[in-house]
Amino acid sequence: MARRADETEAVFARAVLDRNAAVPAGLAPREGTTPSRRFDVYRNNVYASLIDVLAARFQVTAQLVGETFFRAMARDYVQAEPPRSPVLLRYGAGFAGFIAGFPPADPVPYLADVARLEWAWHKAYHAADARGLPLEALQANAGDVECATLCLHPSLGVVRSVYPVVTIWQLAMRDGEDEPARLPADGEDALVARPELTVDVRRLPEGGADFVLALQGGANLQSAAAVATVSAPDFDLKANLAGLMSSGVIVGIGGDA
């Protein structure tokens, strides 16, 4: 009986999230309605709820294309990638990738990267807490600085883009304030983290993304700087390290975190 019940639930769940699926067998009619009509209402409510989740999570993305376009795109995403977990905080991880392959969004080429930035913001907001090391502690414990490895905040994420996504995101968040005449021509890489109560989005200098990603991968400062220098010959280790310190994302030296 339990196995049959599980199979029935699985069939029902698949039908709810597949607009082309037939109405599951066994639904009882009510006076004045048919099972198919009732099920369509239920299915539409489920879709609307998931679209609302995405709209709340990707507010700037929605703002850039308008509500009608966004909801139509989100509906296609729900159809293509329904939730795999009952924890809806995880839903939307693949939305940016979906947008990148969604032809109607091609006229807004930076849209997928803006969505990536918003997902990084979402992840940072819900990440574990950690206390950044004060400057004094960093100076006292660094030892041989070039050979030191850094433990970075669990909320920290890096978003790379050939478009000025940080500026686009910041302008959208200003909500109607005066905007500059044009966007920067170059791409922007973002550092996203929540060192305290608020999620910070900062523009990384040239080579900064390679540097941070190398540190996250376990490289020491010297090795991470060498990686960054490949893409940015003028990479400034001291300036980038100072930027991480001021961002509050260094939580330990070596295995101290």
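Normalised by the number of residues in segment 124-257, what is the relative contact order in percent for Cα pairs under 8 Å and 6+ residues apart? Relative contact order for segment 124-257 comes out at 36 percent. Applying the Karplus relation 6.51 cos²θ - 1.76 cosθ + 1.60 with θ = phi - 60° to segment 59-70 yields 3J(HN,Hα) values of 5, 5, 4, 5, 5, 5, 10, x, 4, 4, 4, 4 Hz, where x marks Gly and Pro.
Using the Cβ-Cβ distance between A100 and A128 with R0 = 25 Å, the FRET efficiency computed as 1/(1 + (r/R0)^6) comes to roughly 0.30. Going from the fewest other Cβ atoms within 10 Å to the most, the residues I51, I250, I168 appear in the order I51, I168, I250.
The modelled label-to-label distance for the pair R182/A242, using points 7 Å beyond Cα in the direction of Cβ, is 3.1 nm.
Between D234 and A55, the FRET efficiency estimated from the beta carbon spacing at R0 = 45 angstrom works out to 0.60. Annotation: peptides 81-88, 220-227, 233-240, ranked by per-residue average of other Cβ atoms within 10 Å with the highest first, follow the order 220-227, 233-240, 81-88. Around the amide H of L150, modelled in the peptide plane, lie the amide H atoms of G254, all under 5 Å away and 5 or more residues distant in sequence or on another chain.
Readers should treat all values here as calculations from the given coordinates under stated rules, not as data from a laboratory. Model, not experiment: these values are computed from the prediction. Quick reminder, even Gly has a Cβ in these numbers, built from the backbone with ideal geometry, and neighbours come from all protein chains shown.
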